[in-house]
Structure formats: structure tokens, C-alpha cells
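Presented below is the structure to which this report refers.
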Amino acid sequence: MTEANMNNSKVRKIEEVLVAQSASDGDGVRLKRVFGGGNLARFDPFLMLDEFGSNDPGDYIGGFPSHPHRGFETVTYMLEGHMEHRDHMGNVGQLMAGDVQWMKAGAGVIHSEMPKQEEGRMRGFQLWVNLPAREKMTPASYTELAAASIPRYEIDGIHVKAIAGELRVNDHAVTGAISGLATEPGYLDITVNPADQLSKELSKEFSVGVPEGHTALIYVYEGELRIGTDAYQIKAGSLARLSLTGDLVIQAGAKTRLLIITGKPIGEPIVQRGPFVMNTAEEIHQAIRDYTEGKLVAA
Ligand code: FE2
């Protein structure tokens, strides 16, 4: 890090580091919950991040049978394996390695996400992105992004896959496949190039420009890194939540892989009950009534 950067107050600082916790969801799928479940305002507009990854079919074969959502968006990013999505709108999606599915539950979705393999590795992430009140009861929609359609960039020895948003990496504009959403999400998958043959020291430095005031999260899933001027080493399976002002400055080791997730906070009350995320308890009760009475989704 240069002297100028070290002294730069516009470098974001670590607010907290969370270690992903073992959890089970769907029909017994073993996964790592990075965050989610409570005290969510600090992640606004994000509600949850899960990492799933296993070579053991027993950990994933149950999948996620038919279940509802209302009030937010789910983003599934596959690294390895094959999942099949089906929903009440009649969409059938094959999610393969590198593909992304961006689904707006809006007023209601009923869908399943089931493995289409009986052996081998299954690996990926699911992120939940909140919707502002004005969009919570809008019609559901579903977007599939094949791996080949997601922009990739090689910038100063790092590989960037840009799933969403408009960010800057080492001052190069990076434009993701998804844009135009109220929460302006940025979602990058970054791999530090192994060809750099870096030593164990975390010597590959790069910066990511994020809009002022936007939430910024860094999830390390392979290798390790440091952030800003903090000496703390963040290892695979940990998430750092950053302060709201300035750029991200990251020093990573070779082969380190990380997600950068950014978004514009909504600033509204968050009331969650399982797969329903609304603004008030009454809206949650309504969602449960609608689901029980078969009215969650349009016939
Ligand atoms: Fe789901």
C-alpha cells in the first residue's frame, strides 16, 4: 500500500467480521450461513448470504422442495454442480456452473430448487436482497444469466466476474449483467490470479470504488486477505462489513477468491418471518394468511 493510500481517510474500515456458521435449510441441505436471521439493519439492503458446498450428496440431495417467498429478491450463483429451478410462473431453469439466477419474489413466488446430480460437487451462494415497500407487492419475475453472458474483466492480475452493478476496480469501470434495480446492488466475484506467483504474504493490492453511503460486504471463500490499514487477516469463510465512506482497499494472497457485495440501503423497517420479509408485522400475518389460503401467488 502506498503512503498516499495509507493516509487516505477515504479508505473504508472494517466494522465487523463474521464467521459463517453451519446451518441446515430446505430438505436437510447442509450449508454455511454467512449472515441472516436477525439484526439485519446493518446489512441493509441485504437480508441473508448462504454458501453451500459439498462433495457428499447426502449434504445436498434433499434440495429445496416447493416453498414460498414474498417481499424481496433471491440471487443464486452456482460455482459447481447442477440445480433445477421450477416456479409457479412455469419457469424451469437449469443452473449450471457459473450461472446466476436473479428472482424477484415481489408479492409472491412458490418455487423449488433441486439438485440434478446424484454425485459430485455442488457449490455456490444464495444472496437475499430486500425490496423497498413500493416494490414488495409487485409481480414476481425471474432472470437467468448463463455463465457466458456475465461480463468478465482482467484488471492488473485479478479476474473479475461482474454479476451486478457499476463499480470501479483499480479505477477501471466494471459493469455487471444486472442493473437498474432500486437498491443498486453491486455483486462481483473476484479471483486473484495465481499466475502472479505471490508469496504467502498478502501482496496483491487492489481497490474497489463503491458509491458513497452504500453498504459494502466482502466475503472470502478461498485464501485470505486484509482490508484497508487493518492488520487483521480475514480467512476463507469470513465476511467483513465495511464502513460507509470511501473505497475498498484489499491486499490478497494468490488464488484468493472473494465476493464483493454492495448496495444502497433502503432505510425502512425490516420484519422477517422465514421466507417472508415485509415492513410490518401485519404484512407478515397477511403473507402467512395468503399462503395458507392459496392466495400468495396469482392463479
Ligand atoms: Fe427459495
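Summary of values
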item	result
Reciprocal of mean inverse Cα separation for region 83-130 (Kirkwood radius, Å)	12.1
Cα principal axis extents for region 1-150, largest first, Å	54, 40, 33
Which of 33, 289, 134, 273 is most accessible, then next, and so on - probe 1.4 Å	134, 273, 289, 33
Nearby lysines by direct alpha-carbon distance to residue 255 (threshold 30 angstrom, same-chain neighbours under 8 apart not counted)	10, 13, 32, 116, 161, 200, 204, 235, 264
Percent accessible area from carbon and sulfur atoms, the chain, protein chains only, probe 1.4 Å	49
Cα-based Rg of region 117-239 normalised by 2.2 N^0.38 Å, two decimals	1.21
Relative contact order (%) - criterion: Cα under 8 Å, at least six apart; region: the chain	20
Whole-number D in µm² s⁻¹ for region 85-172, Kirkwood Cα-pair radius fed into Stokes-Einstein, 37 °C, 0.692 mPa s	212
Full-stretch length increase - residue 15, residue 170 - with 0.36 nm per residue and alpha-carbon distance subtracted	53.5 nm
Nearest-ten-degree value, helix 281-292 long axis tilted from longest Cα axis of the chain	60
Relative contact order (percent, whole number), region 28-89, Cα cutoff 8 Å, 6+ residue spacing	32
Listed residues 182, 81, 140: farthest to the positive end of the dipole of the chain (Cβ charges)	182
Size descriptor, Kirkwood hydrodynamic radius, that averages inverse alpha-carbon separations across region 182-262, Å	12.8
Residues of region 150-245: accessible area per residue with a 1.4 Å probe, Å²	41
Residues with amide H under 5 Å from that of residue 184, placed H, sequence gap 5 or more	264
Principal axes of the chain: Cα extent on each, largest first, Å	63, 43, 32
Percent RCO, i.e. relative contact order, over region 1-146, from Cα pairs under 8 Å lying at least 6 residues apart	26
Heavy atoms of residue 69: accessible area, 1.4 Å probe, square angstrom to 10	10
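The values are calculated or read from the model by the stated rules, or taken from the named source; none is laboratory data. Every value quoted in this text rests on a predicted model; they were computed, and no experiment measured them. Reconstructed Cβ throughout: ideal geometry from the backbone, glycine too, with neighbour counts over all protein chains shown. Protein only, heavy atoms only, side chains kept; ligands, DNA and RNA dropped before computing areas. Shrake-Rupley method; radii C 1.70, N 1.55, O 1.52, S 1.80 Å.
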